[in-house]
Amino acid sequence: MKRFISISVLLVGALVWSSCEKVIDVKLDNAPNQMVIEGNITDQNEAQLIKISQSVPYTNQNVFPAVKGAKVTVTDDIGHLWTFEEREPGSYSSAPFKGISGRTYSLKVNVSSTEYIASSTMPERVHMDSLSLKVFTFGGNDVKQLQVHYNDPAAEVNQYRWIMKIDNVQTKRVFVGNDRFTNGNNVAELLYYSKDDDNKELLGGDEVQVEMQCIDKAVYNYWFTLSEQTKNGPGGGVTPGNPPSNINHNALGYFSAHTTEKVSYKVK
């Protein structure tokens, strides 16, 4: 009798659960498109570049439509003004000029009666001394990594960004750092790079170019947040979010006045 009752209870439970099955149609609302601005002013005497596009819903392909017809200007804190012309759809450039360390540059972008504003102060240049190769051994395999050598100034707070290209192709890894623990020291900054980044390891014969940028605090916060998100990997870490922009009206992207220096190295 007890066995019969137990079996009956299991059957009733199964029927209840099966009757509760329901197809839930989840409505995923797409956020409205946002302005995306990528602006750079460097200490090189060259045409400076501002790129403007719009974000797309995450269900779409990563093709960001160019924003055409914007009015783009940059001024500095002593009254100079540069007008940027649209050379290609969404790509605005100036006549050649050289950014100066210590000066603050302000960006204005007018699109559809909305004015986007940002500012950035160009830091003093920190010279990149050299690149070197460091080899780690894991499970009997040698893994090659590059190091950047420079002397961090003790008298100021410094933030850095590095861009690495292998055989003229920029890596996906975001490299960024500051002098919180290295102020005033000779630094050997390891640019950790793995096969997971671009399906490629550093190999003998590779031509590597590293660009070192000295950036201000707001731009550092942007790149640092982005670098932390890229380390989470599938299924791990926090939910990705937009890194903090220094541009108003909830625009995405950044405006950076920075120094730049490039050094090349051939992997042996």
(request) Select the strands (runs of 3 or more DSSP E) contained entirely in segment 39-126, then report the ones holding at least 1 residues which are on the phi < 0 side of the Ramachandran plot and touching a Ser or Thr at 6+ places or on another chain (Cβ under 7 Å). (result) 49-54, 71-76, 81-88, 104-111, 114-121
(request) Look through segment 206-242, keep the residues that are open to solvent by 50 Å² or more (accessible area, probe 1.4 Å) and among the acidic types (Asp, Glu), and return whichever of them is modelled with the lowest pLDDT. (result) Glu228
(request) Of the numbered conditions (1) out of contact with any Lys or Arg (no Cβ under 8 Å at 6 or more places or on another chain); (2) of a type outside the set (Phe, Trp, Tyr); (3) open to solvent by 60 Å² or more (accessible area, probe 1.4 Å); (4) at pLDDT 95 or above, Val67 fails exactly one; give the number of that condition. (result) (3)
(request) Starting from segment 158-181, take each residue that is within 20 Å of His127 (Cβ to Cβ) and list its partners that are among the basic types (Lys, Arg) and in a strand (DSSP E or B), counting only C-beta distances under 6 angstrom and pairs at least six apart or across chains. (result) Val176/Arg161
(message) If a residue must be closer than 15 Å to Ile37 by Cβ and either modelled with pLDDT under 95 or of a type in the set (S, T, N, Q) (or both), how many such residues does segment 70-93 contain?
(response) 3
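The values are calculated or read from the model by the stated rules, or taken from the named source; none is laboratory data. Keep in mind that what you see is a predicted model, and the values were worked out from it rather than measured. Note that each Cβ is placed from the backbone with ideal geometry, even for glycine, and that neighbours are counted across all protein chains shown. Side chains are part of the model used for accessible areas, which takes the heavy atoms of the whole protein and leaves out ligands, DNA and RNA. Shrake-Rupley method; radii C 1.70, N 1.55, O 1.52, S 1.80 Å.
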